[in-house]
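The values are calculated or read from the model by the stated rules, or taken from the named source; none is laboratory data. Worth saying up front: this structure is predicted, and the values here are computed from it rather than measured. Please note: Cβ atoms are built from the backbone with ideal geometry, for glycine as well, and neighbour counts cover all protein chains shown. Remember, those area values only see protein heavy atoms, side chains included, never the ligands or the DNA or RNA. Shrake-Rupley method; radii C 1.70, N 1.55, O 1.52, S 1.80 Å.
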Amino acid sequence: MLENLLIGAENQFADHMSTELRAQENRYRTVCLQKGDMSWNSRTDVTGVSARVCDHGRYGFAASAEYTEASVRRVLRAATENAHFMTNKMGAKEMDFAQTPRREFAPGRPVAEAEQKRMIEICRQVDDYIVRNYPNLVSRYVGANEESAEKYLLTSDAGNGHSTLSRCYVDFSLAVEAPDGRTVELFDADFYYGGFGDNIYDFDAIYRKIDALYLKVMEKREGVYPETGIHTVILGGSLGGMLCHEAVGHTLEADYVRNGSVGGAMLGQTVASGLINITDFAHTYEGQAVPLPVYFDDEGVEAKDAVLIKDGQLVGYMNNREMAAYYGMEPTGNARASEYINDPIIRMRNTLILPGQDRLEDMIASVDDGYYLFETNNGQSMLNGEFLFGVVMGYEIKKGKLGRAILDTAVSGNAFDVLKSVDMVSDRITWCKTGTCGKKGQSIMVTYGGPEIRCKIRMGGR
């Protein structure tokens, strides 16, 4: 557990400046088996302290990988000097901060350290199950992954606290040979909040997922390429969630809005079907903890849900203290830093399209000629809402019934145009719990998801 060396450091804060002092430890644990052979076995700890100081609207930032009481004092001095330098070099700048209560946040729970041996044993057990039950595979992969970010935060004019964000998951892939000699592969994962040391792993749940994945990859083995063009499709929850995160969410981060994203011109306007509601959740949804609960951000702001689209209207942005003041909005606690060496920037947390009232069975029955798409492996988007996502699993829909599996393809278009075409939304949600976002080079844990949605989208063919 990260030691708190920040106690009493507020006595060194400059009186007239906004100051954030953060100690942080990130842990990364990975084990990978490829066809039963160990291909990766690593443990990485990244620990340090950083300070950010604002002087007359100019930030100074400093960080140190040496985490001692002396280094805490050094980074505070260096950040203050850097802020002075920026003010003298560039001149003062008007900057308002949204006011937030001074408070102490409840401490986060420590991460139970798991031995690497335990992760290797989990991978071996899962791999043995695959070998015993599915000997006809041409390739297989099993991985165990654990990551956590533990932080102590001390601020001059916001909140203070200790937080831990952690997750672990086993991921696996199965590959078979298609009749024409191609290799067809699919992935899945089994997720837990916390570390491997915090959880008793349910191997039966993993085995059920492997069994289901095998059935899908065998169906895909006999799959066909979809027809190119604009089609009526049903997007599964994880695919719709990626659309929500990549092509909608980033356009509604207030720093990107200020720099010209399409979201800046659409506040208060209808941007989607009236059936669409999107919220970036902080820590709780429908009375249950979301996959990665965030209770306060790295500026010391209490994390609150950021309602983005309500009944098809764009109603808000995700923000930090500066952008909340600039746009006259309530701060939502979306300022997050990946590691100690990074300053906090506006980031998503648990971004979700809210469910509707339709049953998936009725949605499929309503499609005469289209596709049901529900697994993706990659994607890219732009700040005008344009996107291109890969699709690795889906089915034809013919006369209201699922048909043949489809081979790898892609979908593209403008996210807001797609959301405007939505006319059915299912009553259930699927979370993608293993997501990672790489905004401005800072890779950070996120989750996203949603219900199935019926919409119009452009599909590639072969």
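Quick notes on this one:
- Check on Gly268, open to solvent by less than 10 Å² (accessible area, probe 1.4 Å) and in a loop (DSSP other than H, G, I, E, B): no
- Among the criteria (1) surrounded by 14 or more Cβ atoms within 10 Å (Cβ to Cβ); (2) modelled with pLDDT under 95; (3) within 26 Å of the chain's Cα centre (by Cα); (4) of a type in the set (A, V, I, L, M, F, W, C), the one Ala106 does not fulfil is (1).
- Picking from residues in the range 24-46 that are open to solvent by less than 20 Å² (accessible area, probe 1.4 Å) and out of contact with any Asp or Glu (no Cβ under 8 Å at 6 or more places or on another chain), the one that is nearest to Gly194 (Cα to Cα) is Val31.
- Filter result for Arg102 (within 30 Å of Ile200 (Cβ to Cβ) and among the basic types (Lys, Arg)): no
- Qualifying residue in the range 355-364 (condition: in contact with an Asp or Glu (Cβ under 6 Å, 6 or more places away or on another chain) and either among the hydroxyl-bearing types (Ser, Thr, Tyr) or farther than 30 Å from Pro226 by Cα (or both)): no
- Test result for Ala70, at pLDDT 95 or above, more than 30 Å from Ala114 (Cα to Cα), of a type in the set (A, V, I, L, M) and open to solvent by 20 Å² or more (accessible area, probe 1.4 Å): yes
- All of (1) surrounded by fewer than 17 Cβ atoms within 10 Å (Cβ to Cβ); (2) closer than 19 Å to Phe105 by Cα; (3) of a type in the set (Ser, Thr, Tyr) hold for Tyr152 with one exception: (1).
- Residue pairs meeting the criteria (Cβ under 7 Å; at least 6 apart or on separate chains; first in contact (Cβ under 8 Å) with a residue 12 or more places away in the chain and among the polar types (S, T, N, Q), in the range 155-169; second in a strand (DSSP E or B) and surrounded by fewer than 19 Cβ atoms within 10 Å (Cβ to Cβ)): Asn160/Glu104
- Looking only at the range 173-200, and only at residues there that are under 11 Å from Leu213 (Cβ atoms) and either of a type in the set (Ser, Thr, Tyr) or in contact with a Gly (Cβ under 9 Å, 6 or more places away or on another chain) (or both), the one that is least open to solvent (accessible area, probe 1.4 Å): Ser173
- With respect to (1) surrounded by fewer than 19 Cβ atoms within 10 Å (Cβ to Cβ); (2) closer than 28 Å to Asp427 by Cβ, the lone exception for Gly237 is condition (1).
- Tally, over the range 83-100, of residues that are touching a residue at least 12 places away in the same chain (Cβ under 8 Å) and open to solvent by 90 Å² or more (accessible area, probe 1.4 Å): 4
- Inclusion of Tyr134 among residues that are in contact (Cβ under 8 Å) with a residue 12 or more places away in the chain and either more than 20 Å from the chain's Cα centre (by Cα) or farther than 24 Å from Thr434 by Cβ (or both) is warranted.
- Any chance Val49 is over 26 Å from Asn319 (Cα atoms) and either at pLDDT 95 or above or open to solvent by less than 20 Å² (accessible area, probe 1.4 Å) (or both): no
- Any hit, the range 116-124, residues being closer than 22 Å to Asn199 by Cα, without any contact (Cβ under 8 Å) to a residue 24 or more places away in the chain and either out of contact with any helix residue (DSSP H, G or I) (no Cβ under 6 Å at 6 or more places or on another chain) or in a loop (DSSP other than H, G, I, E, B) (or both): yes
- Only listed residue being of a type outside the set (S, T, N, Q) and more than 15 Å from Glu299 (Cα to Cα), chosen from Tyr59, Tyr28: Tyr28
- Number of the exception - Arg77 against (1) within 32 Å of the chain's Cα centre (by Cα); (2) of a type outside the set (Gly, Ala, Ser); (3) open to solvent by 100 Å² or more (accessible area, probe 1.4 Å); (4) modelled with pLDDT of 90 or more: (1)
- Members of the range 407-458 found to be open to solvent by 10 Å² or more (accessible area, probe 1.4 Å), among the small types (Gly, Ala, Ser) and in contact with a strand residue (DSSP E or B) (Cβ under 6 Å, 6 or more places away or on another chain), listed by number: Ala410, Ser412, Gly413, Ser421, Ser443
- Only a single criterion out of (1) of a type in the set (Ser, Thr, Tyr); (2) open to solvent by 60 Å² or more (accessible area, probe 1.4 Å); (3) within 27 Å of Arg167 (Cα to Cα) is not satisfied by Tyr59, namely (3).
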